[in-house]
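Asker: Have a look at this one before I ask anything.
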Amino acid sequence: MRVLVTGAGGMLGQDVVGAARGGGHEVTALTRSDLDVTNGAAAARTIRDVCPEVVVNCAAWTDVDGAEAQEEEATKVNGEGAGNVARATAEAGAVLVHVSSDYVFDGNGRAPYVESDPVKPLSAYGRSKLAGEREVADAGSRHVIVRSSWLFGLGGGNFVETMLRRGAEQDELRVVNDQIGCPTFTVHLAGALLDLAGGQALGIHHVAGAGACSWHAFAVEIFRQAGMEVRVDPMATAQLERPAPRPAYSVLATARDDGVALPEWREGLADYLSERGSASDAGTGR
Ligand SMILES: NC(=O)c1ccc[n+]([C@@H]2O[C@H](COP(=O)([O-])OP(=O)(O)OC[C@H]3O[C@@H](n4cnc5c(N)ncnc54)[C@H](OP(=O)(O)O)[C@@H]3O)[C@@H](O)[C@H]2O)c1
């Protein structure tokens, strides 16, 4: 397939580009400096010129706390930007794979969220991601909207790296235990995005690491797998006083017969740590 990736310099974008190249696809990888998705004319021109069969939109404003004070700017990227990419994709007759988030849910549920569950974002970031889903759905492109959660990958700062760094500095940490979600390795997600791009299963999909845990349980498992002796004490989210509210429970599941399952989150972590070890052995920093 001819695959165009926006936001190709980001954590997920880098792994989508890697997976697409590894799969033998012809890839056009566009970082933000190659294509700013908020520029509708540039999106239309670039996508028309490349004439892809598939566009994977990994471009996003991902500063969840920053979005609270800059909702308009976040929505320009996550809402209008997604719409620009979707309309240009429709004009090119390509399939759009657009990445969305578990933060479109309020997290008041206690059973895993499936695709048809009502959305109700708590934060500006969540509202901007929901705006993007709606722009994509209205643009007339053949599209797949993939909601995922708690991403970690070698191409960006993430919770695993934060824990490993803090655990190397301190032998006792406090981590929140009242947010439950699905940690997802970006390499696993990237493969699923490409599988969906090549298939006929259009519409919304929930794709995240199987199983669920709290950030606290995730941290404990990170130190266990890394062979580090660090005591992790539980704490409440309220004690962190962060600007953006987070859903307390945002476990994703699929109710689709043609849905995609990813490996369990602990397996995702093991694969991440193994790839991280190989990258540092090779001195690539990736
Ligand atoms: N990280 C998570 O835990 C998580 C969870 C669920 C869903 N998601 C979704 O997964 C997707 C990928 O996220 P990620 O974690 O890979 O984030 P990321 O590392 O921040 O990547 C996003 C990329 O988009 C680029 N970008 C920002 N504004 C842009 C614009 N106007 N035009 C073009 N590119 C722009 C960024 O460039 P700069 O770095 O130069 O700004 C960055 O390279 C996003 O849709 C995100 O909402 C993420």
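Asker: Can you tell me which residue in the range 98-108 is farthest from the ligand (Cβ to nearest atom), limited to those that are within 16 Å of A253 (Cβ to Cβ) and assigned to a strand (DSSP E or B)?
Answerer: Top of the filtered list is S100.
Asker: With respect to Q225, determine if the residue is part of a loop (DSSP other than H, G, I, E, B) and among the polar types (S, T, N, Q).
Answerer: Values: part of a loop (DSSP other than H, G, I, E, B): no; among the polar types (S, T, N, Q): yes.
In short, no.
Asker: I'd like to know if the range 35-45 contains one or more residues that are touching a residue at least 12 places away in the same chain (Cβ under 8 Å), buried (at least 20 other Cβ atoms within 10 Å of the Cβ), of a type in the set (A, V, I, L, M, F, W, C) and under 20 Å from V187 (Cβ atoms).
Answerer: No; the residues of the range 35-45 include none that is touching a residue at least 12 places away in the same chain (Cβ under 8 Å), buried (at least 20 other Cβ atoms within 10 Å of the Cβ), of a type in the set (A, V, I, L, M, F, W, C) and under 20 Å from V187 (Cβ atoms).
Asker: Can I ask one more? Exactly one condition in (1) among the aliphatic types (A, V, I, L, M); (2) touching a residue at least 60 places away in the same chain (Cβ under 8 Å); (3) assigned to a loop (DSSP other than H, G, I, E, B) is false for L269; which is it?
Answerer: (3)
Asker: Another question, then. Do we have any residue at all in the range 201-211 that's part of a helix (DSSP H, G or I), touching a residue at least 12 places away in the same chain (Cβ under 8 Å) and surrounded by fewer than 20 Cβ atoms within 10 Å (Cβ to Cβ)? Walk me through how you get there before you give the answer.
Answerer: Applying the first criterion (part of a helix (DSSP H, G or I)) to the range 201-211 yields none.
No, the range 201-211 has no match at all.
Asker: I would also like to ask the following. If we keep just the residues of the range 134-149 that are over 15 Å from G81 (Cβ atoms) and within 11 Å of the ligand (Cβ to nearest atom), which is surrounded by the fewest Cβ atoms within 10 Å (Cβ to Cβ)?
Answerer: V146
Asker: Would you check if V50 is surrounded by 20 or more Cβ atoms within 10 Å (Cβ to Cβ) and among the β-branched types (V, I, T)? I'd like the intermediate steps shown before the answer.
Answerer: Values: surrounded by 20 or more Cβ atoms within 10 Å (Cβ to Cβ): no; among the β-branched types (V, I, T): yes.
The answer is no for V50.
Asker: Then there's this: Would you tally the residues in the range 231-250 being touching a strand residue (DSSP E or B) at 6+ places or on another chain (Cβ under 6 Å) and assigned to a loop (DSSP other than H, G, I, E, B)?
Answerer: From the range 231-250, those touching a strand residue (DSSP E or B) at 6+ places or on another chain (Cβ under 6 Å) are 231-233, 235, 237, 249-250; that's our starting set.
The next check asks that each one be assigned to a loop (DSSP other than H, G, I, E, B); those that pass are 250.
Of the residues in that region, 1 qualify.
Asker: Out of all the residues in the range 39-81, which are polar (S, T, N, Q), closer than 12 Å to S128 by Cβ and assigned to a loop (DSSP other than H, G, I, E, B)? Even if it seems obvious, please write down each step before you answer.
Answerer: To start, the set of residues in the range 39-81 that are polar (S, T, N, Q) comprises 39, 46, 57, 62, 70, 75, 78.
Add one more test, that the residue is closer than 12 Å to S128 by Cβ, and what stays is 62, 70, 75, 78.
If the condition is that a residue be polar (S, T, N, Q), closer than 12 Å to S128 by Cβ and assigned to a loop (DSSP other than H, G, I, E, B), then T62, Q70 are the ones that fit.
Here is a yes/no grid of residues against (1) within 13 Å of the ligand (Cβ to nearest atom); (2) part of a helix (DSSP H, G or I); (3) among the small types (G, A, S); (4) crowded, with 24+ Cβ neighbours inside 10 Å:
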residue: G83; (1), (2), (3), (4): yes, yes, yes, no
residue: R87; (1), (2), (3), (4): no, yes, no, no
residue: L96; (1), (2), (3), (4): yes, no, no, yes
residue: R110; (1), (2), (3), (4): no, no, no, no
residue: S116; (1), (2), (3), (4): no, no, yes, no
residue: K120; (1), (2), (3), (4): no, no, no, no
residue: G132; (1), (2), (3), (4): yes, yes, yes, yes
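Asker: Select from the range 150-167 the residues that are away from the ligand (no atom under 16 Å from the Cβ), surrounded by fewer than 16 Cβ atoms within 10 Å (Cβ to Cβ) and closer than 20 Å to S278 by Cβ and list them in ascending order. Walk me through it before giving the result.
Answerer: So in the range 150-167, the residues away from the ligand (no atom under 16 Å from the Cβ) come out as 164-167.
Of the ones still in play, those that are also surrounded by fewer than 16 Cβ atoms within 10 Å (Cβ to Cβ) are 165-166.
The answer is R165, and nothing else.
Values in this text are rule-based calculations from the coordinates and carry no lab data. Worth saying up front: this structure is predicted, and the values here are computed from it rather than measured. Here Cβ is always computed from backbone atoms with ideal geometry, including for glycine, and neighbour counts include all displayed protein chains.
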